[in-house]
Structures are given as C-alpha cells and as structure tokens.
Amino acid sequence: MPERHPDHDLIQGEWTERSLVEKLLEPVEKPPPRPWKVVAAVGFVLTLAWLYAIFVTFTKGLGTWGINQPVLWGFDIVHFVWWIGIGHAGTLISAILVLMRQNWRDSLNRITEAMTLFAVLCAATYPLIHMGRAQHFYWILPYPTHMALWPQYKSPLSWDVLAIFTYLTISTLFLYLGLIPDLALLRERSQGWRKKLYGWLSLGWTGSALHWRRYRAAYVLLAGLATPVVISVHSVVSMDFAYGVVPGWHLTLFPPFFAAGAIYSGFAMALTLLIPLRKWYRLEGVITERHLDWMGKVTLASGLGVAYTYLLEIFIAWYSAEPAEWAQQLWRMTGPYAPYYWAMMLINVVLLQTLWFPRFRRNVAWLFVFSILANVGMWLERFVIVVISLSHDFLPGNFHLYSPTWVDWTLFLGTLGFFLFGLAVLIRLFPPSPWRRCCTSTTSLGSTREAPCCTGTWPTLTRRRSF
Amino acid sequence: MEAVKVLTEEEARKAQPKEEKRVSFYPPWPQGEHAWAMTVDLARCVGCGLCVLACQVENNIPVVGKEEVGKGREMHWIRLDRYFAEEGVFHQPVMCQHCEKAPCEAVCPVAATEHSPEGLNLMVYNRCVGTKYCSANCPYKARRFNFFPYAEAFIGQGDPRRAKESPLALLMNPEVTVRSRGVMEKCTYCVQRIELARAEAAREGRRIRTGEVVTACQEVCPGQAIHFGDLLDPEDPIHAHREEGRHYVLLEEVNTWPRTTYLAHLKNPNPRLRKEGGHA
C-alpha cells in the first residue's frame, strides 16, 4: 500500500477530476438554487435602503444619527471595527495557512477571501460617512497640496487609512491571483460576454508548467507580504482606542486583543456563510465536516484570547487603582448597559467553551448557531468598547446614554445587505472553491499519480490563446 | 480624582501650592510673546450661568432647541457642572482647558486643531473634516459638534439657503465666524479679543497691557470668579491665583497640563450650628 499523504481525504466522496470540476463550477454555470435568489433579493433591497440612509446622512447631517456629545462615535465606529474584524479570516486563511502548508484551506480560501473583500469595503464606508464634512475626506490622504499640508501622523486615524488601504489592496490581489486558473478554465467553457470577461481577466493563462511555477512563487510571496497585515490591521484599528485617554480605551493590551477578536469574528462569519453554502450547493464533499471542525478549533483558539482579555481588563481596571477606570468597569457590569456586557460575556466566554468538545464542534447545527452568536458577541464587544466607554468617562456632568436612530440601523442592515448581495453576485461569476487545488486533495485521485491534475495541467487549457 | 475641591478656611490657609510634576515625551511648544491662562475661583462662583450666556452671544453660538439639548447636543462652549454634596451644591464652569499637552491635538488626522505659541488650543474650522475624534478624546468633553447646519438655519429662520438675506445676520458678532455643519468648535479664550488687543497695542507701539484682554465670560461674571491673564506678564494677578494653596488642576491625573485652572471652593461652616446637629 502506498504511503498516504496526511491530507489524503480532505475532499470526501467518489470524485473523478472532471466530476469535481463540474461540481465546483456549478454555481457559475448552472442556474442558481432558490436560496441564492432570496439572498440576492434581500441583499439588493437592503443595499438600496443603505444608499438611501447615506443620502439622508449627507443631505441632512450627522444629527440624523443617534450620536451625541459624549458618545460621538456610535454605531458608525462599532460597525467599522466589526466589519474590519470579520475580514480577517480571509487574510489569515490566505496568508498564514499557506505559509504553514495547511492544505485544508484550499476548500475555503476563495469564499473567505471574497468575504474579506466585501467586509473591508463595508467597513471602509463607515469612516467615510461618519465625517462631518465627508466631501473633504481626501484631506486624510497623504497627497501634496498647494498649502504643503500633510495628514497629522500622530493621529491613529491617519494610520488607519494606510492600514485599510493596504488591507484592501492585498485582499483584492489575493482573491484575484487565486482566481486566475479558474478564470482560464471558465474562459474555455463559456460563451459570449462571459468568455470575453473571463478571457480578459485570466491574463492569457494557459496552465503551462512555467505559469504554474510563477503563479506559486507569486502566491507564496504575496502570502508572506500579507502575513503581517493579518496582525497589523486590527492592531492599528485598536490604537484608535488604546491611544485615547478615555477610561476603557486606554489599554496597551488592545492590539493583541483586537487581533484575536478579529480572527475570532472572521472565522465565525466564515462559518455562518459556509454552512448554508455547502448545503445549498451540495458541496459537503468539498467543505467537509473536518474543515468545519478545524475552523471550530481556530475559532476556539482566537476566542480564548478574547475571553482572556475580558478577564484581564477587569483585573487591570481594579489593579490600576484608577477611579475612572474602575468606575467604567462597574458601569459596564452594573450600569444601564449591563445586559449588553453580560450577553457578551455569556457568548464569548461561556458558550465559547463548548468548542473544546468534538461533539459540539462536529455538530454542524450548533456550529452554525454558535457562529452567529459569536458575531453577535463580537458586535456587543465593540458596542461595549466604543459606546459604553464614551458614555461614562471622567466628569459626571458629561455622562450621557446613546440610542441609535433608524438611520443608524439602516446603515448597519444596509452594509449587511451589500455584503450578502456582493457575495451572491461574486459566486455567480467565480467558482466558490479553486478547482485545481481541490483536485490535488481528492482521495479518489490520490492514487492515480499520473493523473493530469497532479501535473497541474488541464486538457482544455493546453491551447495557447492570444488576446 | 476630585472635580470640585472643597476646603475649609483653615485648610485653605494651611494648604501649600502644589508643585507641578510635569512629565511628557514631547518637547515643549515654542513660546510666543504671551502665555495666556485662566483661573476660575470656585469660591466666587454662584452658578448663575451668565458666563454661558455671554459666551454664547460673543461667539455666535447657535441655539439648538429643546429636542437637541435633550439628546445631549447643546452647543455652549461653557457648561456649568453641578455637584450635589452633603455640604451643599457646588458649581463648576467647565470650558476648553487649553491643555499644553492636549489629547485632542494629537488625534486629529488633518491637523485641524493646533497649538499656538501663546498656549491657545486653536480650532481651524476650515480644515476640520469632522471625525469627532478630538471630542471623544477630550477628558473634559469641552468640544461641541455641529450636527446640523445650526448657524445657517438660525440666520435663515430654519432655511439655510435664506441665511444671506436674513436680517438675523445682524445679531451675529462680526468678529467671530459662524461654523458650518460637520465641524467641531469650542472655547477659543475669545481669541478675537486677544487679536483686537494685539492690533490696538501694535498701533500704539506697546505691549498688551496687564488685564487688557478680558474674555466675555470674565466680563460678565458677577462674582469675578473668572480671571484671564498672561503668565509671562509678572504683574498679572494670575500669578497670585496660581500660587494660592487652593489652586488645582481639573483631572490632573490625565496629564494634560491645562492652562485653565481652578481655585478650590471654600466652605466656612459655623461650628456651633454643626454641634447642634443641624444642616450646615
């Protein structure tokens, strides 16, 4: 019996290479299933509502939001941080897991990278529209002006701009680079405008060994470049808070705390998306329960980092003997927002522990429920950090509660809609898993070492095309 | 952390001026010709709120209406904090403290709030993009944000487009600009009055005289609780205020080095009344 690769059964079921590719291209080539139509329609309607809420914000002013004098950052920054965090699973799967040769990522990376792209796009809208004079947003960008004025680099907001643009660039490149072989395959298989689109996007890919070699080098290089981004983006975002003097923000602990929270919420969102997706598109053989199990483990590991920080935050507030810090901690635990705080603790500290047990981790239904809960928990965490901290700072005369308006809620639901709509469109244009990488992981093909998939060529791709 | 300090007469007499422990990573600002500062004597403050009103008139501060105030969006540059204690009610006017190490200045991504060599924490309305980070990071929450086009709406009687033709524009102080929607504003130490005094002094070829610059809040204060002065002028009475034992800095632990400082409230209870168990 030949020695088996540890990843021998990453893909389950009886597949030939052709049947697997047919399966993976199904979302693009076959008419979409009914749930797709529902998701796309809901997403589209919410996107329109979102645009209307932005229109109201721009024409009437930020007064239409619920923000007030102490709580000047409300839902806008809560959701900015929330979306940025969600994006992190994609980058982690693209970058770090490639470098660590975790081949199970191959079934997941496309969809999580797409998730990253849309999450970052959603996140990036918030800092833009939350400006009082959004028409001057470009003043934050470093560009040479006639007044020789540059952004003020002591401010973490100007670091944010750089971090987010880097993040957006790298996630887009990753998604695109990974797509090229698939685009070439689709080019060969499609007609009309699709053929033109894929042909143009696939950059003349023919699947030659030389192409593959360059492709792999570029991929690993990009992974190496993106690895620091996984850690740095949310660390920089956390500095918006850690840099401030507000009790509840002023913690050197924040960068690792935010990075862990980002990966936690990112994996939770990836699970929320993947579980229905694999069911609707019958991809259980490609995104197996082992994949979900591993994702559960990563969620647990990063979630434990978050839970640890929650407990340490309480300790530090007490140990610092700083009255304002301790008052803030008590305000969180016993004040009017206490239910939010305790719900966050329940989800991110207590319910998280279920993932220690394989019984729960392999229970797809529980994993789905928990992944949604974890994102609610991470939303609550950002609410606790942004809103609750600001509502209770130093002088009692300033304390004021926050209540969001319909515009705030529409802006949030709108980004959710845009996110779903964007992903729905993307899945109709690009296959949800890279066919070639999945081919190398199949059991049924593993024994046939001479199979074309292992040489990285595909019969229909050997013709060289010119554009 | 004690926002309002209350001392008995005896304690006040015994108290020594606190030595300032000033530690910062940042180099000091370049020093100009003056170093403006303010003291607020809480023992002289009766909490009448005239300073709030005078500031509003002087600086064209919009009236935002009941509903907006209920939402916590009042625009007053001075607010009067009240503290209810056993000894009674204490008032404390709080305005921008013009910190030398201002948390607001460090966080503005577009450098819209800057430090002047004379110690003023300047707000450049034209440069402000309205990220509101400065206010979030202000421990005194002395900054105010234009959530709506308040000024234009007021002058134009509800319609900003009519602002230019409205006679209400004549209500405005021509020395002070009105602020547009989406920018931050705050106490300027009546910078227009400083500049007026500077122009006058330059015309007459002299330095600004001691006590020549009087802020609007100082001018109306019936108890003369507010004093505005120049730390580089040896004759300015502000030195006497700052060397008193009652002198203290609001939220000193945040290490902001404010230029606006306070003199503690004095209580002078009658010991016989106290003995009889009545309220002081």
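Answer yes or no as to whether A:T166 is surrounded by fewer than 20 Cβ atoms within 10 Å (Cβ to Cβ), touching a residue at least 60 places away in the same chain (Cβ under 8 Å) and β-branched (V, I, T).
Answer is yes for this residue.
Could you list, in sequence order, all residues of region B:230-248 that are in contact with a Leu (Cβ under 9 Å, 6 or more places away or on another chain) and not in a strand (DSSP E or B)?
B:I238, B:H239, B:H241, B:R242, B:E244, B:G245, B:R246
Those residues that are part of a helix (DSSP H, G or I) and either of a type in the set (F, W, Y) or within 19 Å of the chain's Cα centre (by Cα) (or both), I need them from region B:198-229; list them, please.
Within region B:198-229, B:A216, B:C217, B:Q218, B:E219, B:V220 qualify.
Quick check on this structure: which one of A:P151, A:P181 is within 14 Å of another protein chain (Cβ to nearest Cβ) and not basic (K, R)? Can you show your working first?
Values: A:P181 fails: within 14 Å of another protein chain (Cβ to nearest Cβ).
Checking each option against the conditions leaves just A:P151.
Since A:T166 meets every condition but one in (1) away from chain B (no Cβ under 13 Å); (2) of a type in the set (S, T, N, Q); (3) not in a helix (DSSP H, G or I), which condition does it not meet?
Failing condition for A:T166: (3).
With the requirement that a residue be assigned to a loop (DSSP other than H, G, I, E, B), of a type outside the set (D, E, K, R) and free of Cβ contacts under 8 Å to residues at least 12 places away in the same chain, what does region B:44-83 give you?
B:G65, B:G72
Answer yes if at least one residue in region A:265-282 is in a loop (DSSP other than H, G, I, E, B) and modelled with pLDDT under 90, and no otherwise.
yes
Among A:A41, A:A95, which is the only one that is touching a Ser or Thr at 6+ places or on another chain (Cβ under 9 Å), aliphatic (A, V, I, L, M) and either in a helix (DSSP H, G or I) or within 14 Å of chain B (Cβ to nearest Cβ) (or both)?
Values: A:A41 fails: touching a Ser or Thr at 6+ places or on another chain (Cβ under 9 Å).
Step by step, each of A:A41, A:A95 is checked, and only A:A95 is touching a Ser or Thr at 6+ places or on another chain (Cβ under 9 Å), aliphatic (A, V, I, L, M) and either in a helix (DSSP H, G or I) or within 14 Å of chain B (Cβ to nearest Cβ) (or both).
Among residues belonging to region A:334-350 that are out of contact with any helix residue (DSSP H, G or I) (no Cβ under 6 Å at 6 or more places or on another chain) and not polar (S, T, N, Q), point out the one that is surrounded by the most Cβ atoms within 10 Å (Cβ to Cβ).
The selected residue is A:M345.
Quickly run through region B:103-132 and pick out the residues that are within 8 Å of another protein chain (Cβ to nearest Cβ) and either touching a Phe, Trp or Tyr at 6+ places or on another chain (Cβ under 8 Å) or hydrophobic (A, V, I, L, M, F, W, C) (or both).
Within region B:103-132, B:A106, B:V107, B:C108, B:P109, B:V110, B:A111, B:R127, B:C128, B:V129, B:G130, B:K132 qualify.
Check off (1) under 30 Å from A:Q135 (Cβ atoms); (2) of a type in the set (D, E); (3) within 7 Å of chain A (Cβ to nearest Cβ) for B:E68 and give me the number that stays unchecked.
All conditions are met except number (3).
Taking A:L128, is it assigned to a helix (DSSP H, G or I), facing another protein chain (nearest Cβ under 10 Å), under 17 Å from A:V237 (Cα atoms) and modelled with pLDDT of 90 or more? Please lay out each step first, then the result.
Working: assigned to a helix (DSSP H, G or I): yes; facing another protein chain (nearest Cβ under 10 Å): no; under 17 Å from A:V237 (Cα atoms): yes; modelled with pLDDT of 90 or more: yes.
Spelling it out, it is not the case that A:L128 is assigned to a helix (DSSP H, G or I), facing another protein chain (nearest Cβ under 10 Å), under 17 Å from A:V237 (Cα atoms) and modelled with pLDDT of 90 or more.
For region B:107-161, name all the residues that are part of a loop (DSSP other than H, G, I, E, B) and of a type in the set (D, E).
The answer is B:E118, B:D159.
Quick test for you: out of A:I84, A:I77, pick the one residue that is within 14 Å of chain B (Cβ to nearest Cβ), surrounded by 24 or more Cβ atoms within 10 Å (Cβ to Cβ) and within 27 Å of A:S371 (Cβ to Cβ).
That would be A:I77, the only listed residue that is within 14 Å of chain B (Cβ to nearest Cβ), surrounded by 24 or more Cβ atoms within 10 Å (Cβ to Cβ) and within 27 Å of A:S371 (Cβ to Cβ).
The values are calculated or read from the model by the stated rules, or taken from the named source; none is laboratory data. Remember, it's a predicted structure, so these values are computed and weren't measured experimentally. Backbone-built Cβ (ideal geometry, glycine too); neighbour counts: all protein chains shown.
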